[in-house]
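The values are calculated or read from the model by the stated rules, or taken from the named source; none is laboratory data. Keep in mind that what you see is a predicted model, and the values were worked out from it rather than measured. Cβ placement follows ideal geometry from the backbone for every residue including glycine, while neighbour counts extend to all protein chains displayed.
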Amino acid sequence: MPWSRVWYPMDIIQMRRLILVLLFGVIRAAGAGMSPDMQLAAKTMAEMARVCEANGMLLWRKSLCGPLVLVNPSTRAAIANRPDPEGKFRQEGDVYLGAFPENFTPANTSITWNGQAWATIMLPLPVDPFLRLRLIAHESFHRIQREVGLSASDMPSAHLDTEEGRIWLRLELRALGRALRLNSEAGRQSAADAMLFRLYRHQLFPGSAAAEAAMEKQEGLAEYTGAFIALRATGEDIGRQARQIEGREESDAFARSFAYATGPALGLLLDRYATGWRARASTQSLDSMLTSAVRLGTPRDLKSQAQRRAGDYGYPAVAAAEHERDERHQSLLLELTSKFLDGPTLDFPHAGDLRRNFNPGNLVPFPPHGTYYPNGTFAADWGKLQLDSGGAVLAPDNLSMKVAAPADPAARPLRGDGWTLVLSPGWTIRPGTRPGSLTLVPPDAK
């Protein structure tokens, strides 16, 4: 049925109120000595416990309830909803407090901790209940994602950083937002327009359909799960999610972040037009299912039909803005070439397990050399890199990287343009293959 609000029988409402009262009592008793962040974290765990079982089974036939730990990235103080695998956390009421292990990088993600799959969230949490639940449910989905057969690649889609790629994605986002707001035939038409713009984008960039579908499976389904649960739990109107999708249009970097908007939009529209679609999500892409559900078909002259419908979504203004943005973007690529290809760098070797904490909304594809990360935290066998500014380039395989060369190679910790590197014991640096460049060397290197 169309999404708006979900109403429950009175007996269920009363039961939920009772559960919340009881949970609040536990939180209040356990939280007297906690910081405000930890008190809100405990409250959120109770909120998630209220909705994770029924909604997880409804969505993916598997509970979203499971190990969850929330971490202050500055102090590594952590709060968990169950005993930690190492038995070091202390119990406070229904939660467990301790220090997050040093071998993990605090991030919004899922980890394997002593053989157990855990969802991890960075503190502080959003104050808004809708945003809190969406975030927790998103990461809880990642915890079970592999089990339910819905894992995929998260490689950036470089074509979405080009002028034409961005134009047709922005028009698609506008059509998706409109489709969510409208339940009538006009809503179906807007959904069809969104898929028309996507079909034309894929025609412009051969091979892009598979890359986008993979990201929408990996991150889009997680964000859809978060949106679905937050809408049901808070009773907010679907317009809340439409606004979030429309707001994404202002992003300056779509390549790694687009699915956070398109994933929930496609999922919620499939809930409306294609009952049972989730059972097919492991083998069919979200966009192909929606295209079929709204009976779009493939137009004979895809270009002319897309351009004709684009006028209803402000094509001239979007195209002008993207042309101006592309001029700035080309200047940025020249700067990256000068800094990371022509200038001296510190090169990191291939790491079997490169752990990253980053903002997916500011990554810049730098083909064919990889992806530019303006900031973030990275860790591997070689140590921990804190990147506050200046940027780094990760290779296409996401397992090796480079930063601008440090000013003093003998200093410890190593410092460079906006970055600090704490090396693991035994690791050293030696001259690289290019003049002025350096490379990290493991303890057992000859």
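Using the structure shown, decide if GLU164 is in contact with a helix residue (DSSP H, G or I) (Cβ under 8 Å, 6 or more places away or on another chain), outside the structural domain of MET34 (by TED's automatic domain parsing) and charged (D, E, K, R). Step through it out loud before you land on a result.
On the way: in contact with a helix residue (DSSP H, G or I) (Cβ under 8 Å, 6 or more places away or on another chain): yes; outside the structural domain of MET34 (by TED's automatic domain parsing): yes; charged (D, E, K, R): yes.
Yes, satisfied.
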query: Do we find a residue being within 13 Å of the chain's Cα centre (by Cα) and assigned to a helix (DSSP H, G or I) anywhere in the stretch 162-172?
result: no
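Considering only the stretch 115-149, state which residues are polar (S, T, N, Q) and part of a helix (DSSP H, G or I).
Within the stretch 115-149, the first condition is being polar (S, T, N, Q), and the residues that meet it are 116, 120, 140, 145.
Result: SER140, GLN145.
Please work out if THR105 is more than 28 Å from ALA233 (Cα to Cα) and of a type outside the set (Lys, Arg).
Answer is yes for this residue.
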- line: Scanning the stretch 78-97 residue by residue, those outside any loop (DSSP other than H, G, I, E, B) and within 26 Å of the chain's Cα centre (by Cα) turn out to be ALA78, ILE79, ALA80
message: Filter the stretch 337-350 down to the residues that are surrounded by fewer than 17 Cβ atoms within 10 Å (Cβ to Cβ) and either without any contact (Cβ under 8 Å) to a residue 60 or more places away in the chain or of a type in the set (S, T, N, Q) (or both) and list them by number.
response: THR337, SER338, LEU341, ASP342, HIS350
- prompt: List pairs: first in the stretch 139-161 and over 16 Å from PRO368 (Cβ atoms) and touching a residue at least 12 places away in the same chain (Cβ under 8 Å), second aromatic (Phe, Trp, Tyr) and not in a loop (DSSP other than H, G, I, E, B), Cβ under 6 Å, 6+ apart or cross-chain?
  reply: VAL148/TRP60
- request: Could you grab me the full set of residues in the stretch 117-134 that are in contact (Cβ under 8 Å) with a residue 24 or more places away in the chain, surrounded by fewer than 21 Cβ atoms within 10 Å (Cβ to Cβ), within 17 Å of ALA78 (Cα to Cα) and not small (Gly, Ala, Ser)?
  value: MET122, LEU123, PRO124, LEU125
- prompt: Any idea which of ALA310, ALA320, ALA306 is assigned to a helix (DSSP H, G or I), among the aliphatic types (A, V, I, L, M) and under 16 Å from ASP161 (Cα atoms)?
  reply: ALA320
- prompt: Does the stretch 308-367 hold any residues that are aliphatic (A, V, I, L, M) and modelled with pLDDT under 95, and which are they?
  reply: ALA351, LEU354
- prompt: Which of (1) buried (at least 24 other Cβ atoms within 10 Å of the Cβ); (2) within 29 Å of ARG309 (Cα to Cα); (3) within 14 Å of the chain's Cα centre (by Cα) is the odd one out, the single condition LEU176 does not satisfy?
  reply: (3)
- prompt: Within the set of pairs 6 or more residues apart or between chains, which connect a residue that is closer than 21 Å to GLU47 by Cα inside the stretch 66-85 to a residue that is polar (S, T, N, Q) with Cβ atoms less than 6 Å apart?
  reply: PRO67/GLN116; LEU68/ASN81; VAL69/THR120
In the stretch 360-384, residue farthest from MET401 (Cα to Cα) [restricted to those that are under 16 Å from the mean Cα position of the chain (by Cα) and in a loop (DSSP other than H, G, I, E, B)]: GLY361
Any chance ASP353 is touching a residue at least 24 places away in the same chain (Cβ under 8 Å), surrounded by fewer than 20 Cβ atoms within 10 Å (Cβ to Cβ) and within 26 Å of ARG248 (Cα to Cα): no
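Just checking, does the stretch 197-205 include any residue being under 23 Å from ASP312 (Cα atoms), hydroxyl-bearing (Ser, Thr, Tyr) and touching a residue at least 12 places away in the same chain (Cβ under 8 Å)?
As a first pass, look at the stretch 197-205 and keep what is under 23 Å from ASP312 (Cα atoms): 197-204.
The next check asks that each one be hydroxyl-bearing (Ser, Thr, Tyr); those that pass are 200.
This time we only want the ones that are touching a residue at least 12 places away in the same chain (Cβ under 8 Å), so: 200.
Yes: the stretch 197-205 contains one or more residues that are under 23 Å from ASP312 (Cα atoms), hydroxyl-bearing (Ser, Thr, Tyr) and touching a residue at least 12 places away in the same chain (Cβ under 8 Å).
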